[in-house]
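The values are calculated or read from the model by the stated rules, or taken from the named source; none is laboratory data. Note that the structure is predicted; figures quoted are calculated from it, not measured. All Cβ positions, glycine included, derive from the backbone under ideal geometry; neighbour counts span all protein chains shown. SASA here: full protein model, heavy atoms, side chains in, ligands and nucleic acids out. Shrake-Rupley method; radii C 1.70, N 1.55, O 1.52, S 1.80 Å.
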Amino acid sequence: MKVLKFGGTSVGSAERMKDVAKLISGERNIIVLSAMSGTTNSLVEISEYLYKKNPDGANEIINRLAQKYYGHIDEFYSTDEYKQKAKELIKSHFDYIRTFTKDLFTLFEEKVVLAQGELMSTGMMNLYLNEQGIKSVLIPALEYMRTDKNAEPDPVYIKERLHKLLSSHEDADLFITQGYICRNAYGEIDNLQRGGSDYSASLIGAAVNAEEIQIWTDIDGMHNNDPRFVNGTSPVRHLHFEEAAELAYFGAKILHPTCILPAKLNNIPVRLLNTMQPDAPGTLISNTTEKGRIKAVAAKDNITSIKIKSGRMLLATGFLRKVFEIFENYQTPIDMITTSEVGVSVTIDNRKHLEEIVDDLKKYGTVTVDEEMVIVCVVGDLEWDNVGFEACIVYALKDIPVRMISYGGSNYNVSLLIKSADKKRALQALSDHLFNNK
Ligand code: ADP
Ligand code: ASP
Ligand code: MG
C-alpha cells in the first residue's frame with residue numbers, strides 16, 4: 001500500500017481535482033488531501049476578523065469563499081444528483097463556519113474553522129469518485145490522527161486507530177483522508193501547523209508501513225535551490241533522508257520540516273512528484289546517498305543572531321552550559337552555534353522571549369543582537385575528508401558579508417548566516433558557482 005499526498009495547488013480547481021482522480025484510480029492506496037489552494041489562508045483571515053470582533057468582515061470573506069466553492073461544484077460533477085450532494089456538503093461547512101461569527105472566538109474555535117478546508121476538499125473528492133463508480137471511502141483524520149500532551153503525534157494511537165478504520169472497509173477501492181488536521185491530547189480539534197499535510201502523509205505512511213510515500217505538488221521534485229528566488233534551478237533526482245530533512249528544516253518549502261522523520265525511522269522511501277507533469281521522475285528520498293556532490297541550497301528566514309562575548313569564557317568550564325540553560329528556560333531552540341575563545345554566537349527563529357533571554361545573558365557577558373538575518377544551508381555529501389567543498393561554498397559568497405559559518409555538525413551540511421537583504425544575491429551566487437559552472 002502507498003500513501004499519496006496532494007497539496008493545495010494539486011486540488012486547487014475542479015479541473016485539477018479531476019486530474020488527481022485519474023492519478024489515484026486503480027490502486028488501493030491511501031490518498032491524503034490538503035485544502036484547495038487559498039482556502040486555509042482565507043480561513044485564517046476569517047479568524048482574524050473574528051478575533052477582532054468584526055463579524056461583518058468575516059462574513060464578507062466567508063461569502064466570497066462559499067461562492068468560489070459553489071462555482072467549483074458546477075464544474076466538477078456531471079450529474080444533478082452529485083451536484084446536489086456536493087452543494088449540501090459545502091453548505092453544511094459554511095453554515096458551521098458562520099456559527100462562529102455570533103459568539104466568543106478563541107484559539108479553540110480558530111482550530112475548528114481552520115479544519116474546514118481539508119474536510120471540504122476530501123468530501124468533494126470522495127463524492128466525485130463515487131459519481132465515477134469508484135468505491136472510495138472517506139477515513140476521517142479526526143478519528144485517528146492525534147497529538148499528545150507535548151503536541152507531538154502519538155504514533156501508537158494513530159497506528160491502532162487507523163488499522164481499525166481501514167480494516168472495517170475491506171471492499172474499498174481506495175481511501176481518502178484529510179491532511180493537516182488532528183485532535184490533541186484533550187480530544188479537541190487541532191492541526192499539525194501550516195503546511196502540515198506532508199507530515200500527515202508521513203505519519204500515515206509509518207502507521208501502515210507503506211511501500212512508499214508520495215508527495216504530489218506543483219513542481220518536479222526538490223530543486224537544487226529555491227525556484228522562487230533563483231533562476232535556472234533544476235530537480236535533484238536523489239536525496240538521502242538526512243539531506244532532505246536539512247533542506248526541509250532550513251526552508252525548502254516543498255516539504256514540511258518534520259515530515260522526513262517518520263519516513264526515515266521506518267525506512268519508507270519518499271517520492272516528490274509533479275501533478276502537472278505526472279511522468280516526470282521527481283525526487284526520490286531514501287537511505288542511500290550519492291557521494292561526492294553538493295546537492296542543493298535552501299534558506300530559512302526571520303533569524304535572529306545573539307553573540308555573548310566574555311573574558312570569563314577564556315579557559316572556563318560551564319560557561320556554555322549556563323548560556324544554553326537560559327535558552328532552555330525560555331523554551332527557545334537554537335539553530336546554529338559558532339564559538340571562539342572568548343565568545344559564542346547562536347541563532348534563534350523564535351523571538352517570543354528575546355528580551356528576557358538577552359537580559360539574562362547580560363549576567364555572563366556583552367550581548368549583541370542582529371535581526372533580520374537568514375540561514376543559508378548548503379546540503380550534500382559534506383564529509384570532512386571531501387577536500388574542497390567548503391572552500392567552493394565560501395568562495396561563492398566572496399562578495400557577501402557572512403556573519404556566521406557552521407560546518408562539521410553533520411556530514412550533510414554547511415550553514416551560513418547572512419543579512420536578509422543579501423539572501424537573493426547569495427542564493428543566486430551559490431547556484432551559479434556550485435551548479436551552473438558560472
Ligand atoms: P503544496 O501546496 O503542494 O504543499 P507547497 O507550496 O507547500 O506545495 O510547496 C511547493 C512549492 O515549494 C513550489 O511551488 C516551490 O515554489 C517551493 N519551493 C521552495 N523551495 C523549493 C525547492 N528547493 N524545490 C522545489 N520547490 C521549492
Ligand atoms: N491546508 C494547510 C495549509 O495551507 C495544510 C497543507 O496544505 O499542508 O497550511
Ligand atoms: Mg506544502
Among the trypsin sites (Lys or Arg not before Pro) in the stretch 149-243, which ones are in a DSSP loop with at most 16 other Cβ atoms within 10 Å of the Cβ? Mind listing them? Lys149, Arg194, Arg228, Arg237
Pairs of Cα atoms under 8 Å, at least six residues apart: use those to get the relative contact order of the stretch 329-438, whole percent. 25
Express the relative contact order of the chain as a whole percentage, based on alpha carbon pairs under 8 Å and six or more residues apart in sequence. 13
Dipole magnitude of the chain about its Cα centre (Cβ charges: Lys, Arg +1; Asp, Glu -1), debye to nearest 20: 540
Using modelled amide H (1.01 Å from N, peptide plane; none on Pro or chain starts), what sits under 5 Å from the amide H of Leu138, excluding residues fewer than 5 places away? Ile176
Taking all protein chains in place and a 1.4 Å probe, what share, in percent, of the accessible surface of the chain do carbon and sulfur account for? 49
Along the principal axes of its C-alpha atoms, what lengths does the stretch 254-405 span, in descending order and rounded to whole Å? 59, 34, 29
Give me a comma-separated list of calculated 3J(HN,Hα) values for the stretch 43-50, in order, Karplus coefficients 6.51, -1.76, 1.60 applied at θ = phi - 60°, integers in Hz, x for any Gly or Pro. 5, 5, 5, 4, 4, 4, 4, 6
Which aspartates and glutamates have a Cα lying under 15 Å from the Cα of Lys295, excluding residues fewer than 8 positions away in the same chain? Asp226, Glu242, Glu243, Glu246, Asp381, Glu383, Glu390, Asp432
Considering only Cα-Cα distances, which of the following residue pairs are longer than 26 Å: Lys159/Lys300; Lys102/Lys253; Lys18/Lys135; Lys300/Lys352; Lys102/Lys352; Lys307/Lys352? Lys159/Lys300; Lys102/Lys253; Lys102/Lys352
Could you work out Rg/(2.2 N^0.38 Å) for the stretch 267-342, with Rg from alpha carbons only? 1.83
Got a sec? What order do Met373, Met276 fall in by accessible area at 1.4 Å, biggest, i.e. largest, first? Met276, Met373
Kirkwood-Stokes translational diffusion coefficient of the stretch 7-54, alpha-carbon pairs, 20 °C, 1.002 mPa s, µm²/s: 172
Just to be sure I understand the model, the point goes 7 Å from the Cα along the line to the Cβ. What's the resulting Asn130 to Lys87 distance in nm? 1.7
Amide H to amide H, which residues 5 or more places from Arg293 or on other chains are under 5 Å from it, using H placed in the peptide plane? Asp381
Where does the charge balance sit around Lys295 when Lys and Arg score +1, Asp and Glu -1, over other residues with C-beta under 13 Å from its C-beta? -2
Of Asp381, Asp226, Asp422, which has the largest mean-square fluctuation in a 10 Å C-alpha GNM of the chain? Asp422
Distance histogram in 10 Å bins (all Cα pairs of the chain, percent per bin): 4, 19, 26, 26, 17, 7, 2, 0
Quick one: ranking Tyr199, Tyr69, Tyr186 by accessible area, 1.4 Å probe, largest first, what do you get? Tyr186, Tyr199, Tyr69
Output ³J(HN,Hα) for the stretch 410-418: one whole-Hz value per residue in order, computed from phi by the Karplus curve 6.51 cos²θ - 1.76 cosθ + 1.60 with θ = phi - 60°, and x for Gly and Pro. 9, 8, 10, 8, 10, 10, 10, 9, 9
Sparsely packed GluC sites (Glu not before Pro) within the stretch 252-343, loop by DSSP, other Cβ within 10 Å at most 14: Glu290, Glu341
Remind me, relative contact order of the stretch 164-310 in percent, using alpha carbon pairs under 8 angstrom and six or more residues apart? 25
Between the alpha carbon centres of the stretch 344-410 and the stretch 254-329 the gap in Å comes to 13
Please compute the length gained on full extension between Glu290 and Asn350, using 0.36 nm multiplied by the number of residues separating them and subtracting their Cα-Cα distance. 18.2 nm
Could you tally the net charge around Ala396, taking each other residue with its Cβ under 13 Å from the Cβ of Ala396, Lys/Arg +1 and Asp/Glu -1? -1
Counting other Cβ atoms within 10 Å of each Cβ, which GluC sites (Glu not before Pro) in the stretch 136-234 have at most 15 and sit in a DSSP loop? Glu170, Glu188, Glu211
Would you work out the Kirkwood radius for the stretch 84-159? I mean one over the mean of 1/r across all pairs of different Cα atoms, in Å. 14.6
Simple spin-label estimate for Asn41/Asn329, 7 Å along Cα→Cβ, in nm, reads 4.1
